[in-house]
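Enquirer: Questions regarding the structure given below will be posed in turn.
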Amino acid sequence: MRILYVTPEVFPLLKTGGLADVSGALPAALIAEGQDLRLLLPGHPNVMKGLGDLTPVRGALGGMPGAEQAAYQGGLRLWLGTAPGGVPAYVVDAPSLFDRPGNPYLGPDGRDWPDNGGRYAVLSWVAACFAGHGLSADPLWRPDVIHGHDWQTGLVPAYLKLRPDRFVHTPSVLTIHNIAYQGQFPAEMLGWAGLPGWAYHMEGLEYYGTLGFLKAGCRYADRLTTVSPSYAHEIQTDEHGMGLQGLLSVRADALTGILNGVDGEVWNPETDPHLPARYAADDPSGKDVCKAALEGELGLDHEPHAPLACVVSRLTWHKGLDLLAAAADDWVDRGGRLAVLGTGEPGLEEAFRDLARRRPGRVATRIGYDEGLSHRMMAGSDMILVPSRSEPCGLTQLYGLRYGALPLVRRTGGLADTVVDANAAALNDGAATGFQFAGASARELAWRLRQALALYRRPDLWSALRRRAMTRDFGWVGPAREYAALYAGLA
Ligand code: ADP
């Protein structure tokens, strides 16, 4: 089947979070399953530079005032090239919208670009144009299904359903990677965005007095997916639905959870070029080398027999890292060490900087984004901590499993679905792969850390747990087959 996969981010060209990792790996897995898939990407500088063999595509993109304005201001062109990994990729080359370096969503002042609504409305419009009547965006390739991701593509299903005058009926899928980001913009942009005013009401595009991009996608997509079965359930509840729970409950039959996988080309301790030594589940000795090197790199005390826990994360309340900041002293007092890599809320950045200042040799904090260091942290740590308040899927716990950094996670979303808690029954059965705690409190986190420490002091048990974690299969083949089945059901 022909699938147009529309995404605002793709690893390694443009990444702010897990969505980029998914978009860097799932398309290739789908192609390996026999799908005729092509990406559609916004033309950020790194995307334009990173695609090979760009050739112009001469189709029709008009009919939306916003797209015509972009075409008038700096040009609006579509190219077809090849993304890393050999995946065919269209790119929307609209310099007035996307020729901006750095974080795709934030301006130099650290705030959202004021025209974010317009930028992603145009991306969504171009996606819908692949289903145009008569001359489409690419006259040589017409998709059977259009699959968008997150609020940035939320208008795609709305265009397809609300503009039958412009677009041929084409099934759409929307994947929600994180319901906390919803894309709400002033209703005044409806006409500019090519959307009919009559659809602006509670049962349509309107969302708390705004034009809601994610809401529109949830309302009009033929199928909705999210990135774990538990999260698919949670987003229908008041606690996690962030205002969309009512609509998602109504659409429960169209909503499924498909777990993310891990890109084994990028995340594999047996081949990882970022590591000082490589290792495997059968022979983890290289992991000791990685631990010692990481201690050196971060200025931590050399202590091969004291556990080192790491965090690689956006530093946000959502990720529960305030809980860790509060529990960390207890962990360190009992002999644990902590390495933190992340950026985010200034208060949390300062909390972890302060911890590192107060506990030299025991806690190291690196504020920043560092792909190589994130790999070395997984390899050099005994545990990875993910105390999220909510977590759609989470990728770092999967990397932790693969690299033998046992995940200690809060029991929510994809964390609950991927980490088997080392409770007595799971230890007896040989099924455990990490640790879970339930309540979002520093006390519960500290309690679970203490229990993990007790297990760490029993090297035979710990090695068995680590071996099991490292051999779990979280590749992309299984998830790709689930998406393929979903597409087949739509065609
Ligand atoms: P989210 O998408 O909510 O940020 P995920 O766990 O799904 O969380 O994905 C986060 C991705 O970003 C992972 O690949 C993780 O390794 C990476 N990451 C987060 N912070 C950093 C950082 N400071 N440096 C390097 N990689 C990071």
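Enquirer: Which ones in region 390-405 are in a loop (DSSP other than H, G, I, E, B) and over 18 Å from residue 285 (Cα atoms)?
Expert: Answer for region 390-405, where residues must be in a loop (DSSP other than H, G, I, E, B) and over 18 Å from residue 285 (Cα atoms): 390, 391, 392, 393, 394, 395.
Enquirer: Within region 225-254, can you find the residues that are free of Cβ contacts under 8 Å to residues at least 12 places away in the same chain and either over 20 Å from residue 207 (Cβ atoms) or of a type in the set (Phe, Trp, Tyr) (or both)?
Expert: 253 - this is the single residue of region 225-254 that is free of Cβ contacts under 8 Å to residues at least 12 places away in the same chain and either over 20 Å from residue 207 (Cβ atoms) or of a type in the set (Phe, Trp, Tyr) (or both).
Enquirer: Further question on the same structure: Could you list all residues from region 1-57 that are closer than 27 Å to residue 491 by Cα, more than 17 Å from the chain's Cα centre (by Cα) and part of a helix (DSSP H, G or I)?
Expert: Result: 30, 31, 32.
Here is a yes/no grid of residues against (1) within 16 Å of the ligand (Cβ to nearest atom); (2) under 26 Å from residue 160 (Cβ atoms); (3) hydroxyl-bearing (Ser, Thr, Tyr):
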residue: 4; (1), (2), (3): no, yes, no
residue: 14; (1), (2), (3): yes, yes, no
residue: 17; (1), (2), (3): yes, no, no
residue: 22; (1), (2), (3): yes, yes, no
residue: 33; (1), (2), (3): no, yes, no
residue: 43; (1), (2), (3): no, yes, no
residue: 62; (1), (2), (3): no, yes, no
residue: 70; (1), (2), (3): no, yes, no
residue: 95; (1), (2), (3): no, no, no
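Enquirer: Go through region 80-97 residue by residue and tally those that are touching an Asp or Glu at 6+ places or on another chain (Cβ under 6 Å) and buried (at least 17 other Cβ atoms within 10 Å of the Cβ).
Expert: Result for region 80-97: 1.
Enquirer: Just name the residue that is surrounded by the fewest Cβ atoms within 10 Å (Cβ to Cβ) out of those in region 253-302 that are away from the ligand (no atom under 16 Å from the Cβ) and in a strand (DSSP E or B).
Expert: So, considering only residues that are away from the ligand (no atom under 16 Å from the Cβ) and in a strand (DSSP E or B), the one surrounded by the fewest Cβ atoms within 10 Å (Cβ to Cβ) is 256.
Enquirer: Let me ask something else about it. So in region 406-416, with the set limited to residues that are within 13 Å of the ligand (Cβ to nearest atom) and not in a strand (DSSP E or B), which one is nearest to the chain's Cα centre (by Cα)?
Expert: Ranking the qualifying residues of region 406-416, first place goes to 414.
Enquirer: Checking the structure you have, find out if any residue of region 151-159 is at pLDDT 95 or above, assigned to a strand (DSSP E or B), touching a strand residue (DSSP E or B) at 6+ places or on another chain (Cβ under 9 Å) and over 22 Å from residue 390 (Cα atoms).
Expert: Within region 151-159, none of the residues are at pLDDT 95 or above, assigned to a strand (DSSP E or B), touching a strand residue (DSSP E or B) at 6+ places or on another chain (Cβ under 9 Å) and over 22 Å from residue 390 (Cα atoms).
Enquirer: Tell me, yes or no, whether region 371-382 has at least one residue that is among the charged types (D, E, K, R), within 14 Å of the ligand (Cβ to nearest atom) and surrounded by fewer than 17 Cβ atoms within 10 Å (Cβ to Cβ).
Expert: Yes: one or more hits.
Enquirer: A further question on this structure: Only one of (1) closer than 17 Å to residue 381 by Cβ; (2) surrounded by fewer than 14 Cβ atoms within 10 Å (Cβ to Cβ); (3) within 26 Å of the chain's Cα centre (by Cα) is not met by residue 433, so which one is it?
Expert: So the condition that residue 433 fails would be (2).
Enquirer: Further, regarding this structure: Taking residue 358 as the residue in question, decide whether it is of a type in the set (Lys, Arg), more than 16 Å from the ligand (Cβ to nearest atom) and in contact with a strand residue (DSSP E or B) (Cβ under 6 Å, 6 or more places away or on another chain).
Expert: No, not satisfied.
Enquirer: Show the residue pairs that are 6+ apart or on different chains and have beta-carbon atoms under 8 Å apart, the first residue being within region 296-324 and more than 30 Å from residue 391 (Cα to Cα), the second being small (Gly, Ala, Ser) and within 14 Å of the ligand (Cβ to nearest atom).
Expert: Listed by first residue and then by second, the contacts come to 299/364.
Enquirer: So which residues in region 358-376 are more than 18 Å from residue 344 (Cα to Cα) and assigned to a loop (DSSP other than H, G, I, E, B), if there are any at all?
Expert: Once the filter is applied, which keeps residues that are more than 18 Å from residue 344 (Cα to Cα) and assigned to a loop (DSSP other than H, G, I, E, B), region 358-376 yields 359, 360, 361, 362.
Enquirer: Taking the residues in region 98-146 that are hydroxyl-bearing (Ser, Thr, Tyr) and buried (at least 23 other Cβ atoms within 10 Å of the Cβ) as candidates, determine which candidate is farthest from residue 489 (Cα to Cα).
Expert: 120
Enquirer: Among the residues that make up region 178-199, is at least one of them β-branched (Val, Ile, Thr), farther than 19 Å from residue 155 by Cβ, within 16 Å of the ligand (Cβ to nearest atom) and in contact with a Leu (Cβ under 7 Å, 6 or more places away or on another chain)?
Expert: The answer is no, given that none of the residues of region 178-199 is β-branched (Val, Ile, Thr), farther than 19 Å from residue 155 by Cβ, within 16 Å of the ligand (Cβ to nearest atom) and in contact with a Leu (Cβ under 7 Å, 6 or more places away or on another chain).
The values are calculated or read from the model by the stated rules, or taken from the named source; none is laboratory data. The structure displayed is predicted, hence computed values, not measured ones. A quick note on method: Cβ atoms are made from the backbone with ideal geometry, for glycine too, and the neighbour counts reach across all protein chains shown.
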